[in-house]
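Chemist: Mind looking over this structure? Questions follow.
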Amino acid sequence: MASTHYYAQHAHQLKADLARAIPRETLKALHRRTAARHFVGTARQFLLLAACTWGLITVETPWVWLPLAVVQGFTVFNFTVLLHEVVHSTIFQRHRPRADRLLGFLYAIPSGISPTQFTRWHLDHHAELGSDEHDPKRHHLSPKTNWRLVKALYMTPALFPIYFRAARAESSTYPADVQARIRRERLLSMAAHLTVMASIWGVFGFAAALRAHVVPVFFVFPIAFTLNRLGQHYDIDPTDPAKWGSLLRSHWFWNLVFLNSNLHLEHHYFPGVPYYRLPALQRALLPFYQRRGMRWQHYRGLLWGWFVENKAPHTDWH
């Protein structure tokens, strides 16, 4: 599908307002990329993954392994956040395409996705934000039927066929060589997951494989994915490009849980700011939010609006 650059067409004034909202030197500092800081976050994710895996393999007591499975599932999701950093080239100060490609494969495997698909999909999402037809996330992945049951399916293993069906529909518009690369990358990710699960099953038994792989990946990951997505572009003001994302207040708990990806509106304003500087970016934008009359949202309110009030996606829930 040909790009229309929908967001750029509608956000000229917004970009000018944002440029005036933050002093140039402050904005330059916020865009500074520090590879060491990124890799500290990466190391933490791998340590969590290893520690939770070992705990889930060895501990059979439900009140211990169930919380570990929750942490494991959210950790698996957060590798997509690290992949997101690769997509926006926010890891290294200078352009390092080989390192970025290697990291892209590494970060994509835990969630079983194709880095090529994710890159194309996500950059198109940025370019076409606000468009019902050309934003691939909105067009293919958002529920088309505003039923609570359909919405609830996104928080279950049904997310995987829903997501991959959406990804296939979008990738069918890509050149043949790109489609072939995406298929190879998906097969590699699937092979990695099957190898891990089979290894745990073979060495430690089926119950250990269920606790350490099946529950975190297939039952917790969808919850993390859906909750994070609720905080992106579901409660918005379609008439104002500045409000085409939900504004969630920075909070240490959610910043830790989602590696600051809960600060999604700030990311769309300035996609080149690394994830570890997004809380500082939000603080710098507080006067801008006040002047524009921006409305704060939180996950409790998003869940209430989504499931209880049955609000439709990409509409104003206020």
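Chemist: When you scan segment 1-102 for helices (runs of 4 or more DSSP H) that lie fully inside it, which ones turn up with 3 or more residues that are of a type outside the set (Val, Ile, Thr) and closer than 22 Å to Ala192 by Cβ?
Modeler: 35-58, 62-87
Chemist: Looking only at segment 60-109, which residues are more than 23 Å from Phe221 (Cβ to Cβ) and among the hydrophobic types (A, V, I, L, M, F, W, C)?
Modeler: The answer is Ile91, Phe92, Ala99, Leu102.
Chemist: Look at Arg211 and say whether it is within 30 Å of Ala8 (Cβ to Cβ) and at pLDDT 95 or above.
Modeler: So Arg211 fails the test.
Chemist: May I ask you to list pairs of residues, at least six apart or on different chains, whose Cβ atoms are under 6 Å apart, with the first in segment 307-318 being on the phi < 0 side of the Ramachandran plot and in a loop (DSSP other than H, G, I, E, B) and the second being among the acidic types (Asp, Glu) and at pLDDT 95 or above?
Modeler: Cβ pairs passing all conditions: Asp316/Asp237; Trp317/Asp235.
Chemist: Can you tell me which condition Glu60 does not meet? The list is (1) without any contact (Cβ under 8 Å) to a residue 60 or more places away in the chain; (2) loosely packed, with under 14 Cβ neighbours inside 10 Å, and all the others hold.
Modeler: For Glu60, the failing item is (1).
Chemist: Under the condition of being among the β-branched types (Val, Ile, Thr) and touching a helix residue (DSSP H, G or I) at 6+ places or on another chain (Cβ under 7 Å), which residue from segment 1-56 is farthest from Leu103 (Cα to Cα)?
Modeler: Looking at residues that are among the β-branched types (Val, Ile, Thr) and touching a helix residue (DSSP H, G or I) at 6+ places or on another chain (Cβ under 7 Å), I get Ile22.
Chemist: May I pose another question? With the checklist (1) outside any loop (DSSP other than H, G, I, E, B); (2) within 15 Å of the chain's Cα centre (by Cα); (3) of a type in the set (S, T, N, Q) in hand, flag the one item Gln290 doesn't pass.
Modeler: (2)
Chemist: Going through segment 237-248 one residue at a time, which ones are assigned to a loop (DSSP other than H, G, I, E, B) and in contact with a Leu (Cβ under 9 Å, 6 or more places away or on another chain)?
Modeler: Across segment 237-248, the qualifying residues are Asp240, Trp244, Gly245, Ser246.
Chemist: Further, regarding this structure: I need the full set of residues from segment 269-286 which are out of contact with any helix residue (DSSP H, G or I) (no Cβ under 7 Å at 6 or more places or on another chain) and under 20 Å from Ala11 (Cα atoms), in order please.
Modeler: Once the filter is applied, which keeps residues that are out of contact with any helix residue (DSSP H, G or I) (no Cβ under 7 Å at 6 or more places or on another chain) and under 20 Å from Ala11 (Cα atoms), segment 269-286 yields Gly272, Leu286.
Chemist: Specify the residue that is surrounded by the fewest Cβ atoms within 10 Å (Cβ to Cβ); the eligible residues are those in segment 261-287 that are aromatic (Phe, Trp, Tyr) and outside any loop (DSSP other than H, G, I, E, B).
Modeler: Looking at the filtered set, the residue picked out is Tyr276.
The values are calculated or read from the model by the stated rules, or taken from the named source; none is laboratory data. Just so it is clear, the model here is predicted, and its values are computed rather than measured. All Cβ positions, glycine included, derive from the backbone under ideal geometry; neighbour counts span all protein chains shown.
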